[in-house]
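The values are calculated or read from the model by the stated rules, or taken from the named source; none is laboratory data. It should be emphasised that the depicted structure is a prediction, and the values quoted were computed from it without experimental measurement. Cβ atoms come from the backbone with ideal geometry, glycine included; neighbour counts cover every protein chain shown. Quick note on the areas: whole protein, heavy atoms, side chains included, nothing else; ligands and nucleic acids left out. Shrake-Rupley method; radii C 1.70, N 1.55, O 1.52, S 1.80 Å.
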Amino acid sequence: MPVEYAPKGLIGVFTPQANTTVEPEMAILTPPGHAFINARMTSGLPTISERLIDYMDQLPDLMGQFANAPVDAVAIACTGASYLIGKDREDALLAGITARSGVPALTGASASVDAMRLLGARRIALVSPYNSALDQESAGYWTSRGLEVAAEASAWRESSAFHPIYSLSAAAADTALAELEGLDVDAVLMLGTGMPTLRAIAGRPLVGTAPVLSCMLCVAWRAVSLIDPAQATPEALMDWV
């Protein structure tokens, strides 16, 4: 039986503990008739990489946070963890969540790969919010998924703020995006779920003829398209952009 604010589908979203971007961007992107409920992935480990892996180690047991809420899809709004655990473990993790919960599951990275494949994009450019350590892991992940990383622009800024990625502005994303103008690529992907991206995409939805997507846009689109297959077409995805 559908719930009042989600007659077309309810999405369960897992968000990294200090992330200040996932919920606002999901609220903007979620179309009428759909809604989401949020749970936080938490870890007391000292480094970003250790925390990211710890989040994945805790899944799928964290599904208990949703109790018996009638979620129709599960979105793990995180990409960095996928780079670190690799595609095989990511696939096994998502399959395990689906088997236990009975609903499809995705990560920020898997949703982005699905979007690239749907658009027929193989040669891509990246806008990265990461420092050099995660950048190396990131490139390896996309290559393992059959994508060619032709170029990368960095939005990383050294900062004393509470978190170097979550405290980035959309202006930083747009400045990095502008660096990619003139490249011959099939698509541009703005990485992570912590860097604000929607204002940058709204202002620059294409780089040349290449569509600009972000991992958060892909999370919202893929979660909805798993509930509503009419959204799983290139034309529908471009409508999201």
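When the stretch 66-84 is examined, which residues are found to be free of Cβ contacts under 8 Å to residues at least 40 places away in the same chain and either of a type in the set (K, R) or open to solvent by 10 Å² or more (accessible area, probe 1.4 Å) (or both)?
Passing the criteria: A67, N68.
For the stretch 224-235, check the following and say yes or no: at least one residue is under 14 Å from the mean Cα position of the chain (by Cα), at pLDDT 95 or above and open to solvent by less than 50 Å² (accessible area, probe 1.4 Å).
Looking for residues that are under 14 Å from the mean Cα position of the chain (by Cα), at pLDDT 95 or above and open to solvent by less than 50 Å² (accessible area, probe 1.4 Å), one finds at least one in the stretch 224-235, hence yes.
Let me confirm something: among S138, S128, S112, which residue is buried (at least 17 other Cβ atoms within 10 Å of the Cβ) and in contact with a Lys or Arg (Cβ under 9 Å, 6 or more places away or on another chain)?
Sole residue among the options that is buried (at least 17 other Cβ atoms within 10 Å of the Cβ) and in contact with a Lys or Arg (Cβ under 9 Å, 6 or more places away or on another chain): S112.
So is T15 within 19 Å of M190 (Cβ to Cβ) and either of a type outside the set (A, V, I, L, M, F, W, C) or at pLDDT below 95 (or both) or not?
Spelling it out, T15 is indeed within 19 Å of M190 (Cβ to Cβ) and either of a type outside the set (A, V, I, L, M, F, W, C) or at pLDDT below 95 (or both).
Between a residue in the stretch 188-210 that is on the phi > 0 side of the Ramachandran plot and any residue that is among the acidic types (D, E), which pairs come within a Cβ distance under 9 Å, given they are 6 or more apart or on different chains?
That search, which allows pairs on different chains as well, returns G208/E181; G208/D184.
Would you mind finding the one in E23, E50, E4 that is among the acidic types (D, E), under 14 Å from the mean Cα position of the chain (by Cα) and open to solvent by 20 Å² or more (accessible area, probe 1.4 Å)?
After applying the criteria, what remains is E23.
I'd like to check which strands (runs of 3 or more DSSP E) are fully inside the stretch 85-158 and have at least 3 residues that are small (G, A, S) and touching a residue at least 24 places away in the same chain (Cβ under 8 Å).
Fully inside the stretch 85-158 and qualifying: 148-154.
Any idea which of (1) over 25 Å from T233 (Cβ atoms); (2) in contact with a Phe, Trp or Tyr (Cβ under 7 Å, 6 or more places away or on another chain) is the one A77 doesn't satisfy?
Only one criterion in (1) over 25 Å from T233 (Cβ atoms); (2) in contact with a Phe, Trp or Tyr (Cβ under 7 Å, 6 or more places away or on another chain) is unmet by A77, namely (1).
Could you run through the stretch 36-71 and say how many residues are in a helix (DSSP H, G or I), among the hydrophobic types (A, V, I, L, M, F, W, C) and within 14 Å of P16 (Cα to Cα)?
Selection size over the stretch 36-71: 5.
Do you know which of the residues in the stretch 29-47 that are touching a helix residue (DSSP H, G or I) at 6+ places or on another chain (Cβ under 6 Å) and open to solvent by 30 Å² or more (accessible area, probe 1.4 Å) is farthest from F66 (Cα to Cα)?
Checking each candidate, the answer is L45.
Just checking, how many residues over the stretch 58-73 are farther than 22 Å from Y5 by Cβ and under 20 Å from the mean Cα position of the chain (by Cα)?
4
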